[in-house]
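To start, the structure itself, in structure tokens.
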Amino acid sequence: MKLPSAILNSFFPLFCINCEKIISEGWICESCYQSVRKDINFTDPHPSIQLLIVKFHYEGAIRRAIEIWKYYPSPKFGKLFLKSEIQKDWIDASLKGESYDCIVPIPPHRSHVRERGFDPIEQLSKFISNLTQIPIQKALKRTGIQKPQTQLNDYQRYQNVIGIFQSKQVVKKKIIVVDDVMTTGSTILEASETLIKNGAEKIAVMAVAAALSKLRWFKNG
Ligand SMILES: [Zn+2]
């Protein structure tokens, strides 16, 4: 990924990650932020998922920010981005007054953590847990080897994720499943249904961004 050298050298002093204008705080200038599309509404997302909470469309400046956070990779930038964009009020409003027992992060591919040295979804989960005081439970783990999703079409992606997770018993738990970016949604759906098979009573999904044009709910028909 090509990044402006000013950004690579230092995030402080700060540059807008979209247009490289100098800014006094945050990660994006005001005029670029105006073009960011927020808060995607899902009504009745899927029989297995009661609430689907997504802050941003995965495009433009948001995509750039997430790519720096995940693939550059930069936990420091991630902290700045999350602090600016994920607030307690937003989470509380999104959860609609319902209480939840735990946050379950989507587990990373081990090879990704090895390559990047950190796990962005874990960072995001801890961030949400600190704001809400809802504890993290690492109930899911990946089984076996999964082919990289990027080479596959939507249906192959769905086929490719069946059985990739194992879950601890989560009987009667109300769970927030946390992911960074949803593309087709097949991974998050498989994770949610694995938790339900192991006793989960209710699933909300929280993600920073979603590629709305790619989101498919295969099991919904
Ligand atoms: Zn800008």
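The values are calculated or read from the model by the stated rules, or taken from the named source; none is laboratory data. It should be emphasised that the depicted structure is a prediction, and the values quoted were computed from it without experimental measurement. Glycine gets a Cβ as well: all are built from the backbone with ideal geometry, and neighbour counts include every protein chain shown.
For the range 90-145, the set of residues classified as over 14 Å from L195 (Cβ atoms), more than 17 Å from the chain's Cα centre (by Cα) and among the hydroxyl-bearing types (S, T, Y) consists of S99, S111, T143, listed by residue number. Being in contact with a helix residue (DSSP H, G or I) (Cβ under 6 Å, 6 or more places away or on another chain), surrounded by 15 or more Cβ atoms within 10 Å (Cβ to Cβ) and assigned to a helix (DSSP H, G or I), is that true of even one residue in the range 187-203? Taking every residue of the range 187-203 in turn, at least one turns out to be in contact with a helix residue (DSSP H, G or I) (Cβ under 6 Å, 6 or more places away or on another chain), surrounded by 15 or more Cβ atoms within 10 Å (Cβ to Cβ) and assigned to a helix (DSSP H, G or I).
Scanning the range 12-26 for residues that are out of contact with any Leu (no Cβ under 8 Å at 6 or more places or on another chain), at pLDDT 90 or above and either of a type in the set (K, R) or more than 15 Å from A65 (Cα to Cα) (or both) turns up just one, K21. Filtered by the rule that a residue be of a type in the set (S, T, Y) and without any contact (Cβ under 8 Å) to a residue 24 or more places away in the chain, the range 127-175 gives T143, T150.
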